[in-house]
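J.: Just dropping this structure here.
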Amino acid sequence: MLWLKALHVTAMVAWFAGLFYLPRLFVYHAEATDAVGIERFKMMERRLLRIMSIGAVATVLLGLTMIAANPAYVTMNWLRVKLVLVAFVVAYHLYCYKIAGDFARDHNTRSSRWYRGFNEVPSLLLIGIVILAVVKPF
């Protein structure tokens, strides 16, 4: 079980690295005015989404494997709340796909300032998830 947990945490770190960096790319992309820079951001966003999605899938699958290995976890309130936060992280990730698609089609309607705020969401979710997983307050 400890090996699963170690792999789960490693995959989560890789996933969140992408979740922290991609919205920062959106900030710079929204500010870009030259065609070469805009195309570069489109490529970077597409590649990062592909790589960070591997971390996302691995994180979720390893987490489900740990639950399957010990079904009693499902009765723990801290895990239930954590899974709700993880669902928000997955939704955030999927929304990043939508945003990247909008940028790819040159249909961005948001300012770089909006993306700066959007960039803070995964940090808040991560804080909640880590507290729940480590402290198990419920």
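J.: At S123 and R105, where each label point lies 7 Å from the Cα along Cα→Cβ, what is the point-to-point distance in nanometres?
T.: With each label placed 7 Å out from Cα toward Cβ, I get 3.2 nm.
J.: Report Rg/Rh for region 1-49, rounded to two decimals, where Rg is the Cα radius of gyration and Rh the Kirkwood radius. Display every interim value, and only then the final one.
T.: On the way: Rg = 15.1 Å, Rh = 12.3 Å.
Here Rg/Rh amounts to 1.23.
J.: Let me ask something else. For A133 and R50, what is the calculated FRET efficiency with R₀ set at 41 Å and r taken between the beta-carbons, to the nearest 0.05? Don't skip to the answer; put the middle values down first.
T.: Details: r = 27 Å, r/R0 = 0.66.
Efficiency, rounded to the nearest 0.05: 0.90.
J.: So if I take the centroid of the Cα atoms in region 122-138 and the same for region 35-99, what is the distance between those two points in Å?
T.: Between the Cα centres of region 122-138 and region 35-99 lies a distance of 15 Å.
J.: Rank these for me by crowding, F26, F88, F138, going from fewest to most other beta carbons within 10 Å.
T.: The fewest-first ordering by Cβ neighbours comes to F138, F88, F26.
J.: For semi-axes √(5λ) of the Cα gyration tensor in Å, the choices are [x] 32, 17, 14; [y] 33, 15, 11; [z] 23, 18, 13; which was calculated from the structure?
T.: This structure yields the entry labelled [y].
J.: Can you tell me the length gained on complete extension of the stretch I38 to A87, counting 0.36 nm per residue apart and subtracting the Cα distance? Could the numbers behind the result be given before it?
T.: Numbers: separation 49, 0.36 × 49 = 17.64 nm, distance 3.11 nm.
The I38-A87 span can extend by a further 14.5 nm.
Computed from the coordinates by the stated procedures, all read-outs in this text should not be read as laboratory data. This structure is a prediction, so every number in the text was calculated from the model and none was measured. For neighbour counting, all protein chains shown are included, and Cβ atoms are generated from backbone atoms with ideal geometry for every residue, glycine included.
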